[in-house]
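Have a look at the structure below, then the notes.
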Amino acid sequence: MAVPAPQTLTEVPAPRRSGCPFDPAPAYEQARRAEPVSRIRLWDGTWCWLVTRHQDVRTVLRDQRFSADSSRPGFPFLSPGRRVLGTGRTSFIRQDDPEHARLRRMLTADFMVRRTEELRPRIQELADALLDTMTAHGRREADLVPEFALPLPSVVICLLLGVPYADHGFFQRLSSVMLRTASSPAEISAAQDELQAYLADLAGRRRGQPDEGILSRLAAEGELDDEEIASVGRLLLIAGHETTANMTALSVLALLRHPDQLARLRAGGPQEHKAAVEELLRYLTIVQDGVVRLATEDVSLGGTAIAAGEGVLCMLSSANRDEAAFPGEAGLDLGRDARRHLAFGFGVHQCLGQALARVELQVALGTLLSRLPELRLAVPFEEIRFRGDMLVYGVHALPVTW
Amino acid sequence: MRVAVDREKCCGAGLCVLTAGGVFDQGEEDGLVVLLVAEPPAAEAEDVREAAQGCPCGAITVEETAGQ
Ligand code: HEM
Ligand code: SF4
């Protein structure tokens, strides 16, 4: 490419500051203030644009001249492993309309607001059952990740898809491999194939013995073959549990570190809980490395010329800290109107599961806070291991006591 | 205020329903936006503007009419 590789940012994903694990990498924050549309160098020697402002990220993600189709030449990838994820068997998250819309619309009814609200009582029962087990026999300490944050959304997405929850050890292991930035292409490819084969086999079996789940319905509708159903299933299964799980655990930690905000949340009702979840989504932006697109035409973005064939990285975390969109207090402020946050992305790919994620988070946090009023960390904060090494941010473990 | 929705553009994320549930709904069969009230009362105007702003797909348009 004609433009010389930039010298400013040499490392993407950029490292966070060691002091505050909740803030985005300082490099992204600096870019937003100094040069909101800037160039960054990628691991493979190529470069792409880094877009950091709220308004610009919205503009790019809503403009269909920016493609999400990762099979296009020049599409930017943030690691060797993600190139495998993006060029092998992709699903509609990495396709453009009309193909993307065709597949997504087979699922929009399953994840619409009313349908997910109907699930609320089930999700509540589940949250209560998990806490019953966690606190049984006078136990006072547990790792919140495997005992609460992870199983809750995993059980729910299994239920919706018609995947046996008994297999969770299997798919959670594969999902960790796929989401780890440092996984080798071979590891990722193998994990992807294994999950694909498992789901294709399951789809085949559901043709003969249908249940109430989405896989069975897709099989019965007859528009997709087993491999296509498995690709959709893979996306839903992974997107459906890792994200909410990490958001739950990281939210708990963030609240424990902001006792004034925690007290405020405990005092609030359902409306305050809903608003708090939006603010936590904004503040934590767990899709920490942003989302990538490729310009298919020459586009001017806030005065910067982006040429056809150039890649763009939309940094959701930085956009969600943009003072122009979120004035007031810089940090976590549960009283803020955070509804315009971009934690679920923007444009036609905006998270399909967002209504479900919201209900899960509202129930998970609400139940935890009301049932365990003495909840606190069981280890010093400094010992918590953060998921800087994963596509989805969070904590690897969260030892708590109550 | 007059509201219009474009179901072709809608990606069914449901933000509009969460923001202004009295004005927007989602179709039972396809999860895509359904307009309940084309001329919402002034009390809803603020939420409707927010929903139009927030719609990820630009599927909602708002026309401000005189007197509101
Ligand atoms: C807190 C939880 C969650 C967060 C932060 C989150 C975040 C995101 C983001 C940022 C995108 C956009 C990706 C892009 O533009 O390239 C996305 C897409 C998607 N998410 Fe989520 N997600 C969450 C929960 C869920 C859940 C529970 C599901 C359940 C099924 C889900 C399913 C999907 C799917 C299918 C897509 C692709 C949509 C498309 O390409 O049209 N997500 N998510
Ligand atoms: S917010 Fe926009 S895209 Fe989402 S359901 Fe409403 S109209 Fe459709």
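Quick look at the numbers
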| quantity | calculated |
| --- | --- |
| Furthest towards positive pole of dipole, B:60, B:14, B:38, structure part chain B, Cβ charges | B:60 |
| Prolate/oblate/rounded label for the stretch B:2-63 (Cα gyration tensor, a/c 1.5) | prolate |
| Taking the stretch B:2-63 and dividing mean pair separation by its residue count, relative contact order in percent (alpha carbons under 8 Å, at least six apart) | 45 |
| Residue among A:223, A:187, A:360 with the largest mean-square fluctuation in a Gaussian network model of chain A, springs linking Cα atoms under 10 Å | A:223 |
| For chain A, built as a Gaussian network whose Cα springs stay under 10 Å, the top-fluctuating residue of A:364, A:129, A:68 | A:129 |
| For residue A:196, net neighbour charge (Lys/Arg +1, Asp/Glu -1) across residues whose Cβ lies under 9 Å away | -1 |
| Percentage relative contact order, the stretch A:26-401, counting C-alpha pairs under 8 Å, at least six apart | 27 |
| Given charges at beta-carbon only (K, R positive; D, E negative), |dipole| of the stretch A:200-284 in Debye | 540 |
| Mean residue ellipticity (222 nm) of the protein assembly as shown, computed from DSSP H runs ≥ 4 via -39,500 (n - 2.57), nearest 500 | -13500 deg cm²/dmol |
| Per-pair calculated FRET efficiency, R0 = 56 Å: residue A:182 and residue B:28 via Cβ, rounded to 0.05 | 0.80 |
| Dipole magnitude of the stretch B:2-63, debye to nearest 20 (Cβ charges: Lys/Arg +1, Asp/Glu -1, about Cα centre) | 160 |
| Cβ-based charge dipole, the stretch A:26-401, positive-most Cα from A:318, A:95, A:359 | A:318 |
| The stretch A:242-282 versus the stretch A:372-401: alpha-carbon centroid distance in Å | 14 |
| Radius 13 Å from Cβ of residue A:160, net charge of other residues (Lys, Arg +1; Asp, Glu -1) | -2 |
| Label-point gap, in nm, between residue A:385 and residue A:122 - each point 7 angstrom along Cα→Cβ | 3.4 |
| Accessible-area order (highest first, 1.4 angstrom probe) of the listed residues A:322, A:143, A:201 | A:201, A:143, A:322 |
| Tilt relative to chain B, helix B:45-54 - C-alpha long axis, 0 to 90 degrees, to 10 | 40 |
| DSSP-defined antiparallel bridges as percent of all bridges, chain A, nearest 5 | 90 |
| The stretch A:267-323: proportion of alpha-carbon pairs further apart than 19 angstrom, % | 51 |
| Protein heavy-atom accessible area occluded, A/B pair - total, 1.4 Å probe, Å² | 1900 |
| Mean accessible surface per residue for the stretch A:26-401, computed with a 1.4 Å probe while every protein chain stays in place, in Å² | 39 |
| Dipole magnitude (debye, nearest 20) for chain A, charges at Cβ of Lys, Arg, Asp, Glu | 540 |
| Normalised convex hull volume, the protein assembly as shown, alpha-carbon set, Å³ per residue | 148 |
| Exposure of residue B:37 as accessible area (Å², to 10), given a probe of 1.4 Å and all protein chains | 50 |
| Which of A:59, A:133 is most accessible, then next, and so on - probe 1.4 Å | A:133, A:59 |
| Net lengthening on full extension, residue A:267/residue A:296 (0.36 nm per residue, minus Cα-Cα) | 5.4 nm |
| For the stretch A:324-350, residues shielded by at least 40 square angstrom of accessible area compared with the chain on its own, probe 1.4 Å | A:339, A:340, A:350 |
| Where chain B is the region considered: accessible area per residue in Å², 1.4 Å probe | 47 |
| 12 Å beta-carbon shell around residue A:47, net charge (K/R +1, D/E -1) | 0 |
| Relative contact order, percent, the stretch A:42-199 [alpha-carbon distance under 8 Å, six or more residues apart] | 24 |
| Portion, in percent, of the accessible area of chain A that falls on carbon or sulfur, probe 1.4 Å | 53 |
| Full-stretch length increase - residue A:135, residue A:87 - with 0.36 nm per residue and alpha-carbon distance subtracted | 12.8 nm |
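The values are calculated or read from the model by the stated rules, or taken from the named source; none is laboratory data. Quick caveat: nothing in here was measured; it's all calculated off a predicted structure. Glycine also receives a Cβ, built like all others from the backbone with ideal geometry; neighbour counts cover every protein chain displayed. Ligands, DNA and RNA are excluded from the accessible area calculation, which covers all protein heavy atoms including side chains. Shrake-Rupley method; radii C 1.70, N 1.55, O 1.52, S 1.80 Å.
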